[in-house]
1. Restricting to the range 207-228, give me the number of residues that are of a type in the set (Gly, Ala, Ser), under 21 Å from Leu90 (Cα atoms) and modelled with pLDDT of 95 or more.
2. Check whether at least one residue in the range 59-70 is closer than 25 Å to Gln143 by Cα, surrounded by 19 or more Cβ atoms within 10 Å (Cβ to Cβ), of a type in the set (D, E, K, R) and modelled with pLDDT of 95 or more, and report yes or no.
3. Quick one: which residue in Ala244, Ala231 is over 21 Å from Gly14 (Cα atoms) and crowded, with 18+ Cβ neighbours inside 10 Å?
4. In the range 170-220, which helices (runs of 4 or more DSSP H) lie fully inside it and hold 2 or more residues that are surrounded by 20 or more Cβ atoms within 10 Å (Cβ to Cβ)?
5. So which of Ala160, Ala187 is of a type in the set (A, V, I, L, M, F, W, C) and more than 20 Å from Val88 (Cα to Cα)?
6. Collect the residues in the range 74-89 that are of a type outside the set (Gly, Ala, Ser) and either within 17 Å of Arg47 (Cα to Cα) or buried (at least 19 other Cβ atoms within 10 Å of the Cβ) (or both), keeping them in residue-number order.
7. Among the listed residues Arg102, Arg81, which satisfies the condition of being of a type outside the set (Asp, Glu) and more than 29 Å from Gly53 (Cα to Cα)?
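The values are calculated or read from the model by the stated rules, or taken from the named source; none is laboratory data. Everything numeric here is computed off the predicted structure, so don't read it as measured data. FYI the Cβ positions are ideal-geometry reconstructions off the backbone, even for glycines, and counts take in every protein chain you see.
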Amino acid sequence: MRRKLAAGNWKMNGTGAALAELEALAAAHPAPGVDILICPPATLLHRAAEVAGDAIAVGGQDCHANASGAHTGDLSAGMLRDAGATAVILGHSERREDHDERNDDVRAKARAAMEAGLIAVICVGESLEQREAANTLDIIAGQMSGSIPDQCTGENLVVAYEPIWAIGTGKVPTLEQIGEVHDFIRARLERRFGEGVGRSVRLLYGGSVKPGNAADIFGVPNVDGALVGGASLKADDFSPIIAALESA
């Protein structure tokens with residue numbers, strides 16, 4: 001059985017005061033029935049790891065493909081691990097767009113993350129234009145082939161489907177659309193890595209997940225949790241999403 005995962009991406013939000021929300025979340029879920037992961041800004045990572053305790057894992061939002069070197073402003077996977085991270089988000093659409101990250105860039109980062117002992121949460125997703133052109137599955141297939149390295153297992157890989165047009169917009173694909181993509185991702189993983197590994201990798205949905213729609217989304221087959229943006233910033237918003245996942 002794949003253990004469910006509720007992951008929160010704080011993006012470029014939060015100073016030290018935001019750690020109070022993490023403390024509140026940990027207090028509300030001292031023994032959660034699902035895995036909980038919070039990915040705060042790098043400036044908070046070490047302190048977040050101390051505050052989160054055993055109930056909540058923390059992760060990074062990106063890492064460099066190299067272990068060290070002359071890369072001003074970047075962080076290696078080993079540095080994230082040293083700061084207390086157990087996972088890192090890679091290939092998020094905002095990184096692909098804002099920093100011109102390509103599939104092979106994401107693949108190299110994922111390989112580095114796995115070698116450092118981190119779980120790579122690799123994001124895939126289509127734009128509205130691609131969705132309307134009925135190219136969604138082709139786009140997802142290309143991103144998976146190019147971004148996911150060969151040494152993947154159910155322990156070091158999580159795939160997050162985040163339709164770009166639904167991130168932060170309030171728009172959510174239909175349950176049928178979510179199911180179609182998640183089933184497709186599962187089948188591609190099984191074909192590439194075999195049924196054992198392919199069935200063990202957790203698949204998350206991300207894109208305007210809220211307390212009001214979480215239960216319905218978590219009822220879709222092959223949805224093993226969520227990668228949540230804005231609703232993960234406040235314990236009062238994220239906690240009901242975690243509860244819905246525990247009940248799924």
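1. First pass over the range 207-228, keeping only residues of a type in the set (Gly, Ala, Ser): 207-208, 212, 214-215, 219, 225-226.
Those still in the list that are under 21 Å from Leu90 (Cα atoms) too: 207-208, 225-226.
Restricting the remaining residues to those that are modelled with pLDDT of 95 or more gives 225-226.
So the answer is 2.
2. For the range 59-70, residues closer than 25 Å to Gln143 by Cα, surrounded by 19 or more Cβ atoms within 10 Å (Cβ to Cβ), of a type in the set (D, E, K, R) and modelled with pLDDT of 95 or more: present.
3. On the way: Ala231 fails: over 21 Å from Gly14 (Cα atoms).
Matching residue, one of Ala244, Ala231: Ala244.
4. 175-193, 211-218
5. None of the other options fit; the residue is Ala187.
6. Once the filter is applied, which keeps residues that are of a type outside the set (Gly, Ala, Ser) and either within 17 Å of Arg47 (Cα to Cα) or buried (at least 19 other Cβ atoms within 10 Å of the Cβ) (or both), the range 74-89 yields Leu75, Met79, Leu80, Arg81, Asp82, Thr86, Val88, Ile89.
7. Working: Arg81 fails: more than 29 Å from Gly53 (Cα to Cα).
Answer to the selection: Arg102.
Conditions (1) in contact with a Pro (Cβ under 8 Å, 6 or more places away or on another chain); (2) of a type outside the set (A, V, I, L, M); (3) touching a residue at least 12 places away in the same chain (Cβ under 8 Å), marked per residue:
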position	(1), (2), (3)
Glu115	no, yes, yes
Val121	no, no, yes
Asn135	no, yes, no
Ile164	no, no, yes
Val172	no, no, yes
